[in-house]
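Only one structure is covered here, and it is reproduced in the block below.
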Amino acid sequence: MPEAVEEAAEVAQDQDVQAVERFREACAELREEIRHVIVGQEGVVEEVLPRTSVFSRLHPGRGKRREDVLCANLDQLLVVFAFYRPRMKARTLDRFLIVAEERDLDLVIVANKADMASDEERKLLSRYADLGYRVLETSATTQVGLSELSELCQDRVSAMSGPSGVGKSS
């Protein structure tokens with residue numbers, strides 16, 4: 001390929017990247033959700049919807065705090081933890097609960113790898129259930145709770161979040 005053609009292609013690609021960045025920034029400023037369809041490696045904007053809910057995190061630090069919107073227009077947030085490898089950390093779960101409460105999101109605690117749960121871990125989760133949080137034990141190995149999880153997600157926009165290795169993709 002001639003050098004001039006390669007340079008022109010690079011300029012065009014840079015302009016496309018800049019245009020996409022400007023579009024993303026404009027949507028973030030308007031706090032709207034972008035619904036798109038992935039076609040190969042390209043996205044096509046079908047519709048821009050007003051936000052009804054948001055699951056996000058704030059970057060700590062000095063100066064203006066920046067928000068990363070992870071999901072918008074959720075009906076529920078499924079926070080997945082494992083009974084075994086990695087074990088559930090109550091502090092991490094509490095952080096998810098705080099964000100969900102602050103954002104007024106319905107939250108379900110999904111405790112995966114239930115076939116490996118200890119009585120102590122079940123007791124800890126029962127405290128969350130006593131506080132009114134929905135707790136669902138699941139196991140990809142024994143299939144426990146999977147049909148209930150499927151029903152929970154039926155006709156609802158849901159997001160799964162949780163630490164790495166807990167079985168979100170299982």
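The values are calculated or read from the model by the stated rules, or taken from the named source; none is laboratory data. None of these values were measured; they are calculated from a predicted model. FYI the Cβ positions are ideal-geometry reconstructions off the backbone, even for glycines, and counts take in every protein chain you see. When the accessible area is computed, the model is the full protein with side chains, heavy atoms only, and any ligands, DNA or RNA have been set aside. Shrake-Rupley method; radii C 1.70, N 1.55, O 1.52, S 1.80 Å.
Tabulated data for the structure shown
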item	result
Built amide H within the under 5 Å cut-off of residue 56, gap 5+	70
Spin-label proximity, residue 90 to the stretch 103-124 - amide N less than 11 Å from point 7 Å beyond Cα toward beta carbon	121, 123-124
Residue 164 versus residue 65: modelled label distance in nm, points set 7 Å from Cα along the beta carbon direction	2.6 nm
For residue 106, residues with placed amide H under 5 Å, excluding near neighbours	77
Accessible surface of the stretch 83-123 [probe 1.4 Å, protein heavy atoms]: carbon and sulfur percent	45 percent
Length added when fully stretched, residue 75-residue 46, from 0.36 nm per residue minus Cα-Cα	8.4 nm
